[in-house]
Every structure is written in C-alpha cells, then in structure tokens.
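The values are calculated or read from the model by the stated rules, or taken from the named source; none is laboratory data. As the structure is a prediction and not an experimental result, all values here were calculated from the model. Because the Cβ atoms are built from the backbone with ideal geometry, glycine has one as well, and the counts that use them run over all protein chains shown. Side chains included, ligands, DNA and RNA excluded: accessible areas come from the protein's heavy atoms. Shrake-Rupley method; radii C 1.70, N 1.55, O 1.52, S 1.80 Å.
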Amino acid sequence: MATVASLLRDRVTLHVRSVDRLFLQAYVPRLMSEGLLVRFLLDRGFTIPSPAPLGKIGQAYVRAIERFAKRESIPLVHFQRRQSKEEAARPYFERAEREGRFGVVLIGVAQERARVWAGWRQGGSDAHPHFAFGWQSRVPNHYYFYVRDREWGRAFVKACCYAPYPLWLCLNGHEWAKRQAEQAAIGYQPLENGFRACADADALAAICARLSSSDVWAFFQRWQHTLPSPFSEEDRGRGYRYQLAFRQLELSDTRVFDRPQAGRDWFERTIRDQLTLGRPDHVAIVFGRRISAQTPGLFSTRVINRGAQAAIQVHYRASKVKQYFKEGRALRTETTVNDTYDFGIGRLVTAANWQALIAIGHDVNERLLDAQLAACACAPDPATLERVVLPSTDAAGQRAPALRFGDPRVQALLASLCSFQHLLAGISNRSLRELVAGLLPGYTPRQMPYDLRRLRANGFIVRIEHTSSYQLTTHGRQLAVFFTKTYARIINPSLAELDPALPDEIAARSPLARSWRSFEQALDARIADAALAA
C-alpha cells in the first residue's frame with residue numbers, strides 16, 4: 001500500500017526549488033526626509049522650495065510618459081475600478097510573444113492610494129513665504145509599464161508621479177528560469193508559474209540556484225535607462241539614485257507527480273493526518289467562484305474534490321508558508337516573506353540579504369515536508385518510550401523528569417509542540433505557553449519554565465544559540481506526534497466505545513465495542529462455569 005513517504009519517493013518525476021514571485025520597491029534615499037526634499041528642490045534651481053515645483057516636476061514626468069507611449073506606439077490604457085490588471089495585460093503579452101517582440105507592451109494607468117510628500121504654507125511674508133512638507137495619503141495616478149524582458153519574460157514596473165517618485169517591480173523567478181533554459185536549449189514542459197517536466201532536471205536545478213540579487217539589479221538598471229524618469233542625469237550625478245528593497249519574496253518547492261491520482265492520494269492522506277496535529281491556521285477549500293450568504297444552493301466540501309483546491313496555510317507575523325495542489329499535478333510548498341524583519345534580515349536587495357532569505361525560505365519549506373513525513377512514521381522504540389515516560393538520568397548525570405503518557409498537562413504540552421508555527425518561528429516561552437493554555441484551562445506562566453526544562457532534558461527541544469528561543473528536534477517532534485496521535489486517535493475514542501453505558505444500538509455499529517462486549521460475555525461465562533460468581 002502506498003504511503004505518504006513512498007508517494008514522494010516513488011511517484012515524483014520532477015523536483016524544483018526556485019524563487020517564485022518577487023515584489024520590490026525602489027526608492028530614493030535622498031528624498032525620504034523633509035530636509036532632503038528641500039535640498040532636492042534647491043538643487044533643481046528653485047529658489048523658494050514650495051509645493052508648486054513638485055507639481056511641475058510631476059507634470060513633466062507624466063508628459064514624458066505620454067510622449068514615450070506615443071513615440072514607441074505603446075497602448076495607454078486606463079484601468080477600471082476592480083478590474084484585474086493581470087488579465088487586462090494578458091492579450092498584449094500574448095500578442096508580443098506571437099510576434100517575437102520584446103519591450104514595453106502596455107502602459108496601464110490606475111488611481112491608487114500612496115504615501116507622498118505634500119506641502120503647505122507656514123508663515124513668512126508674500127515676498128519670502130515659508131513652506132513646510134509632510135507625508136500624506138493621496139490617491140494619485142500610477143503608471144504600470146508591462147514589459148516583456150529577454151531575461152525575465154513577463155514583468156511590470158509601476159511608477160508614481162508624486163514625490164518621492166517611488167517605483168515597484170514585479171518579477172517571477174520561474175519565468176527567469178524558463179528563459180535561461182530556452183537559451184541553454186534545455187527542453188521543458190511548462191506548468192502555470194512553474195515546470196511540469198524537464199529534459200535535464202539537474203541542469204534546471206543549477207539554473208534555479210544561480211538566480212541572484214545581481215540579476216534583479218540588472219533588470220532594474222536596464223529598464224531604468226529605458227523608461228521615462230523624473231530624474232535627470234544631473235540629478236543622478238548629485239546622488240539622487242534609487243535603492244531596491246524587498247516587499248515580498250516567495251520561495252517555492254514544487255514536486256510533480258507522475259499522474260494526478262498519486263498527487264491527490266498524497267494530499268488527501270496528508271491533509272487528513274495534519275488536521276488535528278499541526279493545527280494550521282486554516283485548511284481552506286478555494287472554489288472557482290465566490291461563495292456568500294446570498295449564493296443559492298447547498299454547499300458541502302471534501303478535502304479533495306473536483307473543482308476545489310485544498311490548501312494548508314501557516315502564518316508567522318507578516319509572513320506565511322502555504323501548501324497546495326497545483327493544476328492537479330504538482331505539490332507546491334511556498335514560503336512568502338512579506339517583511340524581512342520577521343527573520344532579522346535587512347530589507348535592502350543585497351547579496352547577503354538575498355542569500356539569507358533564500359536559505360530561510362527553502363529551509364522552512366523542507367521542514368514542513370519533513371514534519372509531515374515524520375508524522376506518518378512516529379512510533380518510537382521501546383527503550384526511548386520508557387526513558388521519556390519514566391524519570392531518567394543522562395550520561396552527564398542530569399536528571400530528566402518524566403513526561404507521563406495520559407497526564408493532561410503532558411498531553412497539552414506535547415500537542416502544542418505539533419503546531420506548524422514552530423517551523424517558522426521556533427519556540428519561545430510565550431508562544432508555547434499560549435498554545436498550552438488554549439488546551440489546558442488554568443495553565444499558568446509559572447508552570448512553563450519547568451515544562452521547558454523537562455522538554456530540554458528529554459531531548460524534545462534545543463536552545464537556539466544566542467537567543468531565548470528553542471528549536472524542536474526531529475526526535476522531539478516524532479515523540480510529540482506519537483503521544484498526541486495515540487492519545488487523541490486511539491485511547492480517547494476507544495475508551496468511549498468500551499464504556500458499559502454506551503447504548504446497545506451505538507455499540508452494535510462499533511467493531512471494537514462489539515468485540516469487547518463479546519469478550520466480556522465469554523469471560524463472564526467462563527467465570528460462571530468455574531463456579532466463581534460472587
């Protein structure tokens with residue numbers, strides 16, 4: 001019989017680890033404070049820094065975009081409210097791909113809220129007025145430059161024409177890898193936002209691993225010199241240059257199954273197994289249409305069903321890890337970093353920050369998969385089980401208090417260790433205490449230090465160096481899953497079925513209850529035959 005582990009081992013035809021979507025912001029550091037903004041206006045030759053020069057610069061920027069669109073014969077489209085910009089741009093990309101044309105295929109215009117500089121008069125005479133500047137929320141026009149790039153394929157650059165003139169970039173690492181594979185003459189079959197098959201899987205893995213921050217900077221610099229800009233060469237010479245920062249980074253692990261049924265089997269078994277163990281934030285069924293209270297008809301869901309997509313999501317601060325079944329063919333595990341500070345990493349797009357984020361994303365993906373596999377093969381050997389449930393002493397002579405099976409406090413503690421959130425954030429006194437208190441009413445902060453000590457002494461957790469947090473060990477997770485599964489899925493339901501007060505009509509539907517009552521009747525008969533009845 002196929003298992004969760006064997007399906008991944010024997011039925012996966014392609015395994016791809018890659019950067020997925022990238023959303024970056026470009027900003028000018030020398031325009032991020034009021035004093036620097038005034039300096040910029042003075043450098044531009046405006047003797048009285050006021051809102052009027054900012055308006056003139058913005059208007060000139062818009063005219064430059066319109067001239068660029070006319071000169072290059074690029075369609076200029078105003079997006080409607082709630083219109084899908086991606087769908088609106090799709091036919092323009094498809095036409096450019098049919099024609100083998102690269103460059104800007106569409107310029108879209110949309111009003112969107114942004115934090116921009118605004119100015120107002122603050123004293124002074126009419127001859128020498130004084131102006132102040134501050135950040136305000138406005139809804140200016142934003143210009144979307146949809147580009148077909150030779151290295152990155154489909155992408156867009158979004159520009160705001162109000163100071164400080166920020167830019168946003170949206171790129172896709174899978175599309176970059178596809179372009180590199182084509183240039184290297186490596187045959188592949190595409191999966192939406194990924195790969196379904198590849199003639200040389202090792203070469204594809206090397207390509208995905210090669211993507212770096214320098215490739216991102218190369219894209220930005222290439223299009224910065226092509227697209228209109230509010231800054232002149234003289235401005236750049238004075239230091240008004242853009243810096244790139246991470247806004248969102250997705251790292252994906254994609255495993256393509258040899259046939260859809262194998263993938264459905266894996267996901268169905270895993271979802272069912274994890275529903276009560278990892279306690280993901282939600283297991284969602286995502287339908288192809290919106291379901292509301294006004295939608296007519298009766299709706300029911302299964303974990304895997306035609307026309308529905310199952311997904312596991314685990315959130316940690318602003319970031320998350322998501323797992324879903326892609327196009328009925330591939331298992332996609334995806335870590336999304338929305339704030340690099342969640343992991344103590346800077347936001348600037350540098351080689352060091354890039355490598356650190358790549359390592360974290362792939363590590364989280366791998367740990368989620370490892371945790372799911374460990375949950376399906378968690379039975380310990382008898383010696384290990386005895387050492388945990390009874391007081392013991394390690395090789396250094398340190399006493400390890402017992403974690404007695406069935407004790408409510410121990411069961412709540414170990415069930416909390418199964419939470420998926422530990423895969424991203426590690427374990428702290430507070431995070432674990434909140435989980436335990438949710439399962440065991442009356443659990444107090446004073447009890448947590450002792451429980452952490454006995455978890456450490458029994459090898460369930462190890463301290464992360466130079467922090468007050470802990471990491472769950474592989475051994476610890478396996479034992480926590482074993483205790484939780486055994487207690488919740490065997491002991492509790494079995495005891496309920498063996499209850500003598502269980503009504504006969506219900507007991508008749510339980511094989512365990514029927515067998516137990518038959519055993520009791522046979523034992524009673526044996527006792528009666530021995531004439532031992534009281």
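Would you mind finding the longest exposed-site-free stretch of the chain, with exposed GluC sites (Glu not before Pro) meaning DSSP loop and at most 11 other Cβ atoms within 10 Å?
193-464
Scaling the Cα radius of gyration of region 1-128 by the globular reference 2.2 N^0.38 Å produces a ratio of 1.75. Basic side chains Lys and Arg get +1 at the Cβ, acidic Asp and Glu get -1 at the Cβ, and with that the dipole of region 40-189 about its Cα centre reaches some 280 debye. If one takes the longest principal axis of the Cα atoms in the chain, at what angle in degrees, from 0 to 90 and to the nearest 10, does the Cα axis of helix 351-375 lie? Helix 351-375 sits at roughly 20 degrees to that axis. Contact order for the chain, expressed relative to its length and based on alpha carbon pairs under 8 Å spaced 6+ residues apart, stands at 14 percent. Between the Cα long axis of helix 408-417 and the first principal axis of the chain there is an angle of about 40°, rounded to the nearest 10.
Averaging Cα coordinates gives a centre for region 7-32 and one for region 71-117; these two points are 23 Å apart.
At a probe radius of 1.4 angstrom, the accessible area of the chain per residue rounds to 52 square angstrom. Since only C170, A501, Y146 are under comparison, the one whose Cα sits farthest along the positive direction of the charge dipole of the chain, derived from C-beta charges on Lys, Arg, Asp and Glu, is Y146.
In degrees between 0 and 90, to the nearest 10, how far off the longest principal axis of the chain does helix 201-210 point, with axes built from Cα atoms? Helix 201-210 and the main axis of the chain meet at about 60 degrees. Each Lys or Arg adds one and each Asp or Glu subtracts one; over the other residues with Cβ under 13 Å from the Cβ of A402, this totals +3.
If the segment from R430 to R463 were pulled out straight at 0.36 nm per residue, it would be longer than the present Cα-Cα gap by 10.4 nm. The stretch between A488 and D381 holds 36.5 nm of extra length on full extension. This uses 0.36 nm per residue minus the Cα-Cα distance. For region 136-190, the set of trypsin sites (Lys or Arg not before Pro) satisfying both a DSSP loop assignment and a count of at most 14 other C-beta atoms within 10 Å is given as R150. Per the Debye formula with a single identical scatterer at each Cα and no solvent contribution, what log10 I(q)/I(0) holds for region 74-159 at q = 0.21, 0.24 Å⁻¹? So the normalised log intensities are -0.95, -1.11. Is there a quick way to get the dipole size of the chain? I mean about its Cα centre, with the Cβ of Lys and Arg at +1 and of Asp and Glu at -1; what is the value in debye to the nearest 20? Computed charge dipole of the chain: roughly 1360 debye. On full extension, the segment bounded by W217 and F519 gains 101.3 nm, given 0.36 nm per residue less the C-alpha separation. Ligands, DNA and RNA left out, the accessible area of the chain computed with a 1.4 Å probe is 51% carbon and sulfur.
Annotation: for a label point projected 7 angstrom from Cα along Cα→Cβ of T13, residues of region 242-272 with backbone N closer than 19 Å are 254-267.
With the convex hull constructed from alpha-carbon coordinates only, the chain shows a mean projected area of 38.1 nm² over all directions.
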